[in-house]
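A quick write-up on the structure given underneath.
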Amino acid sequence: MTDATRLAELRQKFGRVPEGPSDPKPGTVSPREAQPRFRGLESGHRACQGCGEALAARLVMECAGPDVIVANATGCLEVFTTAWPQSAWRVPWVHSLFENAAAVASGIEAAMKARGKNTKVLAFGGDGATYDIGFQSLSGMLERYHNVLYVCYDNEAYMNTGIQRSSSTPHAATTTTSPAGKERMGKRHLKKDLVSIIAAHHIPYAASASVAFPQDLQRKVRYAMGIEGPTFLVIHSPCPLGWKHDSRLTIDVARKAVECGLFPMVELERGSLSNVMPIRQVRPVTDYLELQGRFRHLFADDPRAEEERAHLQALADYNITTYGLTGGDPDNADTVGTAAVGRGGHPAGRLRP
Amino acid sequence: MREALEGSQAIARAVALCEPDVVAAYPITPQTHIVENLSELVAQGDLHTEFVSVESEFSAASVVLGAAATGARAYTATASQGTLLMAEVLFNIAGMRLPLVMTVANRAVSAPLSIWNDHADSMAVRDSGWIQLHATSNQEAVDTTIQAFRITQETELPVMVCMDGFILTHTMEPIDLPDRMAVRDWLPPMAFSRSLDPERPLSLGMLVSPDYFPEIRHSHHAAMQQALAVIEEVDTSFHSRFGRAAGGLLTVEGDPEAKVGILAMGSTVGTLRAGMAHYVEAGPARLITLRSFRPFPAEALREAVEGLDCLIVIDRAISPGLGGVLGTEVAAVLSQSARPPHILNHALGLGGRDIPETVYVDLLDAGRDPDAPRFSVFDADMTKLAPEDR
């Protein structure tokens, strides 16, 4: 069976594709039904309202599935999708431990190879599982060149255990283990530059993405899926509970993280920067920080607060300079154009007449 | 045909006969020669497998976990610290009831650092839910390895084959390796009922609330108990196909009229057997070899000790503050017998201390001594210790 036929069959079987010939009379079929997507991760799971990670995982699955096997690290995604006897996954899915998703994925991939199958293997982990406890097994997987797409859903702290700092938590953010007080202004250390470390393995493709830019995110997933070899995607995924922002602001918060330069959107191939998402109009970091309770102490009447805000601004400026993020002319791949083009709009940001 | 093979080399060849799809391992003394030999077989084209050279034992166990979850035949090997680094994954593999085979080249656990043999490593993971089989010789280790692939497939429980580090792994002996075609014929093609497959998506390793957890643990326990019969059947089937058995659940030898019994696991049995043959004047004994440590063959053991006044249990590991691990378990199981023997428990050969044949005489002497302690580190020389440490 060819891959295309097999894929079509699997889509038909599991993908909720409408049955029978579609008759898209205007107004009778919603745009969603007219353009059915593979639902690898079903609705009805137990994620919090406004969960960035759930959205990111759904977006990834839409363009990765259905001929995949997922190895999921311990974390929110695992817990809210698979409370026995219910599962939200329409693809084969396995959770083993916190720190071994990359190694489990390596084993699945080795078994696929041994049996001559083309099924793509995905590994999912949060920032705790990826930046910290599972870092070694991830490095091993990349070095051994397994054909696995590793996706890190980065919500910048251990959210599943109740918001503790990880090495991905941004500088100055408060968590339950990096609280602000008389002696401390939140986390004292920098967010680990994981993408650079991953890229240093000289793997074919490593990129960052954000739930605020779903078209860009899905383009990156599709690109990675087409590569035979290890690929890595880190997706900035706000956690309303942990970041202490309103649930309805998830996309807004995520967009502002990119627009201020604190979360650079980059693509690296074989260790070299191959693409960035230019920022049409750079915002000050305070536009991003002020939406979130985890940075509330940075707006107190305190000289240290001003100092930390300046520090975060300097980190954003550094990213903008290092990756060349300042946009020139309106561009259909910049922070405004990407979203507009994805919606069928014009790169300049105006909708077509 | 018998060939002179080092234990590790023989194990590698036995694994190759079972044609695993995936092998993952990390080197650790005294397991290293097994993975070296497997790598060599792969390099020479004599073994077609995905050999994954991982960055830790933790990943070795995780890689074979992933492979097994897809229904692939998978194998790994480790020892000592490696077993402990794997510990979290080993519990996970067993809890998910994945079919896997692993060799443990038994070695002491640090500190103090010791590369030599005892059973502290496999004992540390005895509650992980793996089947644990102990080999007394290299031939038994080879045969048990081949059997393990069939046991794991039939029970869907992982199987650990324990063989004493150095004493077996690094010893050259004449070994009869079965014929490749005969093994292929005897060992059915790999099949796993809950494999990861896009054609039939399943979720494995889910979050389980208190509403279901005790039932899952109970079913694991029940599956282990049912595995007792499978271990025996597979050994019987192996015997009828290849002409020799590898020790069933346990074996009994020596004088059936003897009132004293000695129970041991692993290569110590060979030493005791030789001691019994050489030192007839020490008196008769019944020698019980426990092959299946998990599942524990309680019923078979109660039958094996019938008529004994005294049972000396040899431990190669201790639980500090309690005593011997095996001895404590044997005492617990036999406490339900109508007339249990008096049980003495001695730890021997910890950290590779040589066990001489004369130990047979010394053990029987201690058995006759009414003042002998119920537990001791039998070969510890108290003169090497400060008085307050004795």
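About the centre of its Cα atoms, chain B shows a dipole size close to 480 debye [charges on the beta carbon of Lys, Arg (+1) and Asp, Glu (-1) only; nearest 20 debye]. Counting only residues at least eight positions apart within a chain, or on another chain, the aspartates and glutamates with an alpha carbon under 17 Å from that of A:Lys182 are A:Asp301, A:Asp302, A:Glu306, A:Glu307, A:Glu308.
Structure shown: which of A:Lys120/A:Lys187; A:Lys117/A:Lys191; A:Lys120/A:Lys192; A:Lys113/A:Lys192; A:Lys187/A:Lys256 lie over 31 Å apart, alpha-carbon to alpha-carbon? Kindly include the intermediate steps, with their values, before the conclusion.
Values: A:Lys120/A:Lys187 38 Å; A:Lys117/A:Lys191 38 Å; A:Lys120/A:Lys192 28 Å; A:Lys113/A:Lys192 33 Å; A:Lys187/A:Lys256 21 Å.
Violating the 31 Å limit, Cα to Cα: A:Lys120/A:Lys187; A:Lys117/A:Lys191; A:Lys113/A:Lys192.
Taking Cα atoms only, the orientation of helix B:213-242 departs from the longest principal axis of chain B by about 80 degrees.
Which value, in debye to the nearest 20, describes the size of the charge dipole of the protein assembly as shown about its Cα centre when Lys and Arg Cβ atoms bear +1, Asp and Glu Cβ atoms bear -1, and nothing else is charged? Don't jump to the answer; show the numbers that get you there.
Numbers: 67 positive and 87 negative charges, 615 e Å.
Value, rounded to 20: 2960 debye.
Proximity of backbone amide H atoms, modeled 1.01 Å from N, is registered between B:Leu204 and A:Trp93, A:Val94, A:His95 at under 5 Å, excluding neighbours fewer than 5 places apart on the same chain. Phi-derived couplings, Karplus 6.51 cos²θ - 1.76 cosθ + 1.60 at θ = phi - 60°, listed residue by residue for the range A:197-210: 5, 4, 4, 5, 7, 6, 7, x, 7, 9, 8, 10, 8, 9 Hz, with x used for Gly and Pro.
Our summary gives chain B a relative contact order of 16 percent, counting only alpha carbon pairs under 8 angstrom and 6 or more residues apart.
Derived scalar couplings between HN and Hα for the range B:318-323 equal 10, 10, x, x, 10, x Hz in order, rounded to whole Hz, by the Karplus curve 6.51 cos²θ - 1.76 cosθ + 1.60 (θ = phi - 60°), x for Gly and Pro. To the nearest 10 degrees, how steep is helix A:101-114 against the longest Cα principal axis of chain A, on a 0 to 90 scale? With both axes taken from Cα atoms, the answer is about 20 degrees. For the Cα atoms of chain A, what angle does the longest principal axis make with the long axis of helix A:303-323, in degrees from 0 to 90, nearest 10? So the helix axis and the longest Cα principal axis differ by about 50 degrees. The mean number of partner chain beta-carbon atoms within 10 angstrom of a residue's beta-carbon across peptide B:96-102 is 1.
Loop only by DSSP, 16 or fewer other Cβ within 10 Å of the Cβ. Give me the GluC sites (Glu not before Pro) in the range B:294-390 that pass, ordered by residue number.
Values: sites: B:Glu299, B:Glu303, B:Glu306, B:Glu329, B:Glu357, B:Glu388; in loops: B:Glu306, B:Glu357.
Here the GluC sites (Glu not before Pro) that fit, given the DSSP loop and packing criteria, are B:Glu306, B:Glu357.
Centre-to-centre separation between the Cα atoms of the range B:189-246 and those of the range A:185-215: 41 Å.
Quick check on the protein assembly as shown: take the gyration tensor over C-alpha atoms, sort the square-rooted eigenvalues as a ≥ b ≥ c, and tell me if it's rounded (a/c under 1.5), prolate or oblate. Prolate, because a/c is 1.5 or more and a/b exceeds b/c. Placing a pseudo-label 7 Å from each Cα along the Cα-to-Cβ vector at B:Glu233 and B:Ser335 gives an inter-label distance of 3.3 nm. Residues whose amide H comes within less than 5 Å of that of A:Thr326, counting only those at least five positions distant or on another chain, are A:Ile279 (H built at 1.01 Å from N in the peptide plane). Legend: calculated FRET efficiency, B:Arg241 to B:Glu357, from the Cβ-Cβ distance at R0 = 45 Å, rounded to 0.05, equals 0.85.
I'd like the antiparallel share, as a percent to the nearest 5, of DSSP beta bridges with both residues in chain B.
Numbers: 14 of 51 bridges.
Antiparallel bridges make up about 25 percent of those DSSP assigns within chain B.
Would you compute, from DSSP H runs of 4+ residues alone, the mean residue ellipticity of the protein assembly as shown at 222 nm, taking -39500 (n - 2.57) per run and dividing by the full residue count, rounded to the nearest 500? Write out the running numbers ahead of the final one.
Details: 25 runs with 272 residues, N = 743.
Computed mean residue ellipticity for the protein assembly as shown: -11000 deg cm²/dmol.
Think of the range A:29-342 as a dipole: +1 on every Lys or Arg Cβ, -1 on every Asp or Glu Cβ, centred on the Cα centre; then among A:Pro284, A:Tyr205, A:Ala310, A:Tyr205 lies furthest on the positive end.
Counting Lys and Arg as +1 and Asp and Glu as -1 over every other residue whose Cβ lies under 14 Å from the Cβ of B:Ser137, the net charge comes to -3. Partner shielding of A:64-71 amounts to 3, given as the average count of beta-carbon atoms from other chains within 10 Å of each residue beta-carbon.
Write down the percent of antiparallel bridges among all DSSP beta bridges whose residues are both part of chain A, to the nearest 5. Intermediate values should be presented prior to the final figure.
Values: 9 of 36 bridges.
Bridges in chain A are about 25 percent antiparallel.
Between A:Tyr205 and A:Phe232, A:Arg270, the built amide H atoms are under 5 Å apart, and every one of these is 5 or more places off in sequence or on another chain.
Take the Cβ-Cβ distance between B:Ser219 and B:Val252 as r, set R0 to 30 Å, and report the resulting FRET efficiency rounded to the nearest 0.05. The partial results should precede the final answer.
Numbers: r = 32 Å, r/R0 = 1.06.
The value I calculate is 0.40.
With each label modelled as a point 7 angstrom along the Cα→C-beta vector, the B:Glu388-B:Glu3 pair spans 5.8 nm.
Restricting to Cα pairs below 8 Å that are 6+ residues apart, what does the relative contact order work out to for the range B:250-389? Please round to a whole percent.
Details: 213 pairs, mean separation 36.7, N = 140.
The value is 26 percent.
Neighbours of A:Asn275, meaning other residues whose beta-carbon lies under 14 angstrom from its beta-carbon, give a summed charge of -2 when Lys and Arg score +1 and Asp and Glu score -1. Across B:Ala298, B:Ala245, B:Ala43, mean-square fluctuation computed from a Gaussian network of chain B (C-alpha pairs under 10 Å connected) peaks at B:Ala43. Counted by Cβ distance under 15 Å from B:Val333, the other residues give a net charge of -1, where Lys and Arg count +1 and Asp and Glu count -1.
Given axes a ≥ b ≥ c from the Cα gyration tensor, I'd like to know whether the range B:350-390 is rounded (a/c under 1.5), prolate (a/b larger than b/c) or oblate. Oblate is the answer for the range B:350-390, as a/c is 1.5 or above yet b/c matches or exceeds a/b. In this calculation the C-beta distance from B:Asp127 to A:Ser43 is compared with R0 = 30 Å, giving a FRET efficiency of 0.15.
Placing unit charges on C-beta atoms (Lys and Arg positive, Asp and Glu negative, everything else neutral), compute the dipole magnitude of the range A:29-342 about its Cα centre in debye, rounded to 20.
On the way: 32 positive and 33 negative charges, 143 e Å.
For this selection, approximately 680 debye.
Which chymotrypsin sites (Phe, Trp or Tyr not before Pro) in the range B:4-97 sit in a loop by DSSP (not H, G, I, E or B) and have at most 11 other Cβ atoms within 10 Å of their own Cβ? Loop-located and lightly packed - none at all.
Each residue of the range A:179-187 was assigned a 3J(HN,Hα) from its phi angle through the Karplus curve 6.51 cos²θ - 1.76 cosθ + 1.60 (θ = phi - 60°); the sequence is x, 8, x, 4, 9, 9, 10, x, 5 Hz, with glycine and proline shown as x. A simple spin-label model places pseudo-atoms 7 Å from Cα toward Cβ; at A:Leu190 and A:Tyr223 they are separated by 2.5 nm.
Relative contact order of chain A, please, whole-number percent, based on alpha carbon pairs below 8 angstrom and at least 6 residues apart. Could you put the intermediate results ahead of the total?
Working: 710 pairs, mean separation 46.0, N = 353.
After rounding, I find 13 percent.
Find how many whole Å separate the alpha carbon centroid of the range B:96-166 from the alpha carbon centroid of the range A:137-170. Answer, in whole Å: 32. When chain A is treated as a GNM with alpha-carbon contacts under 10 Å, the residue of A:Lys256, A:Lys117, A:Lys192 showing the greatest mean-square fluctuation is A:Lys117.
Of the DSSP beta bridges with both residues in the protein assembly as shown, give the percent that are antiparallel, rounding to the nearest 5. Restricted to the protein assembly as shown, the bridges split so that about 25 percent are antiparallel. Considering only A:Asp154, A:Asp246, A:Asp301, the Gaussian network model of chain A with Cα springs below 10 Å gives its largest mean-square fluctuation to A:Asp301. One quarter of the convex hull surface built on the alpha carbon atoms of the range A:29-342 amounts to 16.2 nm², the projected area averaged over directions. Placing a label point 7 Å from the Cα of A:Asp329 along the Cα-to-Cβ direction, none of the residues of the range A:252-293 has a backbone N under 12 Å of that point.
Throughout, read-outs are computed from the coordinates displayed, never taken from laboratory work. Since the model is a prediction, treat every value here as computed from it, not as a measurement. We place every Cβ from the backbone using ideal geometry, glycine too, and count neighbours over all the protein chains shown.
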